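Only the coordinates and a few stated rules stand behind these numbers; no lab work does. Everything quoted here is computed from the prediction, not taken from an experiment. Cβ placement follows ideal geometry from the backbone for every residue including glycine, while neighbour counts extend to all protein chains displayed.
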Amino acid sequence: MKEVTIYTDGACSGNPGPGGWGAILMYNENSKEISGAQKDTTNNIMEITAVLEALKLLKEECNVKVYSDSAYVVNAFNQGWINNWQKNNWKTANKEPVKNRELWEELYELTSRHKVEFIKVKGHSDNEYNNRCDFLATSAIKTL
């Protein structure tokens, strides 16, 4: 299986407000940068969207390492929240509907196609790829 590394980030100017996302996909010596923006969104939606859009580009089953500074995204998988949400008909532990359910369902489906490991990185620090994704995300907002 191919080994793919993905870095992602989401940003919002106001929360809610205009937002952007960015991702870098790396395979061997190749890399691809992608980004996008929405006029009225939240930071969490942009964080999820960055991972979604990156995984959508994978054409075959891969071993994937996803690096994100979003505790929300990383913990949803690493702490099993997403599995519990699905088992509980997309309700939280407090019996509230899961926010951004459609995005989570799509992300859950995409991650089931691959072997995905989520790794938390510190945002706005010395990680060059996370910083580049932040630049892509904030630059995307400026295109709106």
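With respect to A23, determine if the residue is part of a strand (DSSP E or B) and in contact with a helix residue (DSSP H, G or I) (Cβ under 8 Å, 6 or more places away or on another chain). Break it down into steps so the answer makes sense when it comes.
On the way: part of a strand (DSSP E or B): yes; in contact with a helix residue (DSSP H, G or I) (Cβ under 8 Å, 6 or more places away or on another chain): yes.
Considered against the rule, which asks whether it is part of a strand (DSSP E or B) and in contact with a helix residue (DSSP H, G or I) (Cβ under 8 Å, 6 or more places away or on another chain), A23 comes out as yes.
Within region 48-74, which residues are surrounded by 14 or more Cβ atoms within 10 Å (Cβ to Cβ) and more than 17 Å from E109 (Cα to Cα)? I'd like the intermediate steps shown before the answer.
First, pick out the residues of region 48-74 that are surrounded by 14 or more Cβ atoms within 10 Å (Cβ to Cβ): 48-55, 58, 62, 64-70, 72-74.
Matches in region 48-74: Y67, S68, D69, S70, Y72.
Across region 19-33, which residue is nearest to V74 (Cα to Cα) among those that are surrounded by fewer than 19 Cβ atoms within 10 Å (Cβ to Cβ) and not hydroxyl-bearing (S, T, Y)?
Taking region 19-33 as the starting set, the residues that turn out to be surrounded by fewer than 19 Cβ atoms within 10 Å (Cβ to Cβ) are 26-33.
Pick out the ones that are also not hydroxyl-bearing (S, T, Y) and you get 26, 28-30, 32-33.
Numbers: M26: 19, N28: 24, E29: 26, N30: 25, K32: 22, E33: 21 Å.
Going through the qualifying residues, I end up with M26.
Tell me which residues, restricted to region 14-23, are within 17 Å of D69 (Cβ to Cβ) and either more than 11 Å from the chain's Cα centre (by Cα) or among the basic types (K, R) (or both). Don't jump to the end; show me each part of the working.
Filtering region 14-23 down to residues within 17 Å of D69 (Cβ to Cβ) leaves 15, 19-23.
If the condition is that a residue be within 17 Å of D69 (Cβ to Cβ) and either more than 11 Å from the chain's Cα centre (by Cα) or among the basic types (K, R) (or both), then N15, G19, G20 are the ones that fit.
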| request: Residue by residue through region 110-144, note down the ones that are over 17 Å from I6 (Cα atoms) and either buried (at least 17 other Cβ atoms within 10 Å of the Cβ) or in contact with a Pro (Cβ under 6 Å, 6 or more places away or on another chain) (or both). | output: T138, A140, I141, L144
| request: Run H124 past the list (1) outside any helix (DSSP H, G or I); (2) touching a residue at least 60 places away in the same chain (Cβ under 8 Å); (3) of a type outside the set (V, I, T) and report the number of the one that doesn't hold. | output: (2)
| Those residues of region 75-109 which are surrounded by 19 or more Cβ atoms within 10 Å (Cβ to Cβ) and within 17 Å of A23 (Cα to Cα), in sequence order | L107
